[in-house]
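A.B. asks: Sharing a structure below in structure tokens format, with a few things to ask.
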Amino acid sequence: MPKSQTENVINVAFIGNPNCGKTSLFNAYTGAKLKVANWPGVTVEKKEGHTQYHNHDYKLVDLPGIYALTSYTMEETLSREYILGEEVDVIVDVADASSLERNLYLTLQLIELGKPVVLALNMMDIVEERGMEIDLHRLPEMLGIPVIPVSARKKTGLNILMHAVAHHKDKPIDKTEHHHSEGQHIHKHHDEFVLVYSDEIEDKIDAVKIKLKESYPDMKNKRWHAIKMLAEDEEICGKYPLDLSDIIDRSYESDIIAQKYDFIEEVMEECMVNRTEKSEKTDRIDAVLTHRIWGVPVFLGIMAFVFFLTFMVGDWLKGFLETGLDWVYEETAHFLIWCKASDWVVSLVVDGALAGVGGILSFLPNIFILFLALAVLEDSGYMSRVAYVMNHIMGKLGLSGRAFIPMLLGFGCSVPAVMASRTLENPKDRLRTILVTPFMSCSAKLPVYVLLSGMFFGKYAMFAAFSMYVIGMMTAVAASLVLSRIMKAERVNNLLIELPEYKAPNARSIWIYVWEKIKDYITKAGTTIFIASVAVWLLMNFGPHGMAADMTDSFGAHLGKLLVPVMKPTGLGYWQIVLALLSGIAAKEVVVSSLSVLYGITNVSWAVGMSSLAAMLGAQGFTGINAYAMMLFCLLYVPCIATIAMIRQETGSKKWPVVSVCIQLGTAWIVTTLFYQIARLF
């Protein structure tokens, strides 16, 4: 995309380390509702937005969080390619002020590009809480770029940052003050560049630049390219081939990195006051939450408490919603009768559409509590600890610890979880993660657990539902281990993840996260579930001879009965159950709405409706064992259509969606059959 021809439009790229508050800052400017979480892997593709300040229009681009301008993972490649492109006018480097030493490594690499850079110091409140101070006069002197303190949470410093962006556009790096341990370089590079390396490296950089000028006269940022060639960067060396055998006798990457950190140490010594202060509170909490032995039991305990809230508080709130839905059912039926609508129209609307959609909407309080709890855990910084703790276990199994981050996202929805696999460097690790992530229990399966556990397990309903989440994780890990043996994975990627400071969850970030999830849930109820409910009603009320007086003569009954022999060993050999499971391929919530339509219960998720459905199922010989088997099957079987489509998109192949369906369907049938057949013995 060519650079904008409109003078008043400034293209600004937001870049920074994972977890620095970059997306929160982007949201504060644009009003966008991108997901914000206190752990890495949230932004896996660039997002665009717009804002205005005085007479300028700003096009803002939120790039994936990276630690350096390398190109190993997909997000690193995306960020680097965009930053190197011609479209960017100003780079806003968002840094976590409380972890300035770590953030400055990327800052130095960005400065070396020669493009206008503005450093936005976020999270200054944490710096103050630690009793530290940053010298905001000396820091820009040493870096040669504007340094602006901002707060994405409190929305302070935003206008000043945009003012700096407008003022700094097209300006070169300011002359800097830098104390080099080996004295001034012979070429006086201290007057030109922020970071000057040793004489040996600077001589080689100058020599490479001469050759680059001869072979690639139009190349910009020759110094940066020369540094990358000294570090033997594969992409740069491959893109700009040169014979440098007379200059480069080895890789200077480690030397360059070491000297960068020497300069960072110098900056920290001069600009950070009381930098030895530590967050004792975080250390004390992490001593328990990230413990090698107690970390996993604590995580399971926290998730159990989340489900306690989901059931207890959610069911209490559900009572109010049920009253309103009951009124809608009655009034709609009365209105249709008053309009003298035919019986089949009344049945289609009330028993088909409203029963299916209403049965799903009544679970809205449970879904709300679940997403609220997950949002609090993410924004507080705990979820990154979970990935860290699980890395130790997965590492012992020969698996990638980093792969557990997309799997954790699967608690919410499998679609973004599959997308988050882009953060994995190794293609085989990425493929394995895509194939096993749908085993994680997404929120769409929760209505099935709530319904079946509520009907058959009474006061133990919460534990029955919670067990699905544990089994889902165990199955995903086991499946990944098997796939690693089959695919003969070359190596294991250890998890490199930041453990951020714990912080009080931000109300706005939580509201955005929860509202987006609830909106998606309601939208799905009004579209996918509505259509599926109507489709199931039509299948149940029409047969080969027209409208079926008896449901057993319908198309749906014939379809379900074809698969009954296959499902009988699993304990799910009932044609109504088979048809409900088939409908769940559209979306897992449809299983509940289909049961409502199939058994003619408009209030299936309410106490009265659940009692009626339990009685009907019991009359067919459907017991608690069958109910748990059905929960297991729903947990493990075919991903929803949206997830299948995302697997197709992310793998770029028609083969792997089919493989995914086969793996999950086979796993679901085997696990459920083993459980049912063994449980029957007792």
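The values are calculated or read from the model by the stated rules, or taken from the named source; none is laboratory data. Here the structure is a predicted model, which means the values were calculated and not measured. Counting neighbours? That spans all protein chains shown, and the Cβs are built from the backbone with ideal geometry, glycine included. In case anyone asks, the SASA skips ligands and DNA or RNA and just uses the protein heavy atoms, side chains included. Shrake-Rupley method; radii C 1.70, N 1.55, O 1.52, S 1.80 Å.
A.B. asks: Could you work out what % of the accessible surface of region 201-276 is carbon and sulfur, using a 1.4 angstrom probe and leaving DNA, RNA and ligands out of the count?
C.D. replies: 49 percent
A.B. asks: Set the bar at 20 Å for Cα to Cα. Now go through Lys59/Lys222; Lys445/Lys517; Lys211/Lys239; Lys59/Lys239; Lys459/Lys588; Lys59/Lys169 and name every pair that lies beyond it.
C.D. replies: Lys59/Lys222; Lys59/Lys239; Lys459/Lys588
A.B. asks: How much length, in nm to one decimal, is gained on full extension between Met487 and Asn221, taken as 0.36 nm per residue of separation minus their Cα-Cα distance? It would help to have the intermediate numbers written out before the result.
C.D. replies: Details: separation 266, 0.36 × 266 = 95.76 nm, distance 4.14 nm.
Working it through step by step, the gained length comes to 91.6 nm.
A.B. asks: Could you work out how far apart the two model spin labels at Ile285 and Gln649 are, taking each label as a point 7 Å from the Cα in the direction of the beta carbon, and quote it in nm?
C.D. replies: About 3.4 nm separates the two model spin labels.
A.B. asks: Kindly report, to the nearest 10 Å², the accessible surface of Cys237 as traced by a 1.4 Å probe over protein heavy atoms only.
C.D. replies: 50 Å²
A.B. asks: Classify region 198-303 from the C-alpha gyration tensor, please: rounded if a/c falls under 1.5, else prolate or oblate depending on whether a/b exceeds b/c.
C.D. replies: prolate
A.B. asks: From the convex hull of the Cα coordinates of region 581-671, what is the mean projected area in square nanometres?
C.D. replies: Working: hull surface 25.7 nm².
Projected over every direction and averaged, the Cα hull of region 581-671 covers 6.4 nm².
A.B. asks: Can you give the accessible area of Glu265, probe radius 1.4 Å, in Å² rounded to 10?
C.D. replies: Its accessible surface works out to 70 Å², give or take rounding.
A.B. asks: Using a 1.4 angstrom probe on the protein heavy atoms only, line up Arg102, Arg138, Arg648, Arg385 by accessible area, largest first.
C.D. replies: Descending accessible area places them as Arg648, Arg102, Arg138, Arg385.
A.B. asks: Highest mean first, how do 502-514, 105-117, 195-207 rank when packing is the count of other Cβ atoms within 10 Å averaged over residues?
C.D. replies: Order by mean packing, descending: 105-117, 195-207, 502-514.
A.B. asks: At 0.36 nm per residue, minus the direct Cα-Cα distance, what do Cys662 and Ile518 gain on full extension? Give it in nm, one decimal, please.
C.D. replies: This chain segment gains 48.8 nm when fully extended.
A.B. asks: For Val165, Val659, what's the largest-to-smallest order of accessible area, 1.4 Å probe?
C.D. replies: Result of the area sort, largest leading: Val659, Val165.
A.B. asks: Continuing with this model, one more query. Could you state how much accessible area Val298 has, in square angstrom rounded to the nearest 10, with a 1.4 Å probe and all protein chains kept in place?
C.D. replies: Accessible area of Val298: about 40 Å².
A.B. asks: May I pose another question? Using 0.36 nm per residue, how much length does the chain from Val273 to Leu674 gain when fully extended, once their Cα-Cα distance is taken away?
C.D. replies: 138.1 nm is the gain from fully extending Val273 to Leu674.
A.B. asks: Kindly sort Asp520, Asp62 by accessible area of their heavy atoms, largest first, with the probe set to 1.4 Å.
C.D. replies: Working: Asp520 90, Asp62 0 Å².
These residues rank, largest area first, as Asp520, Asp62.
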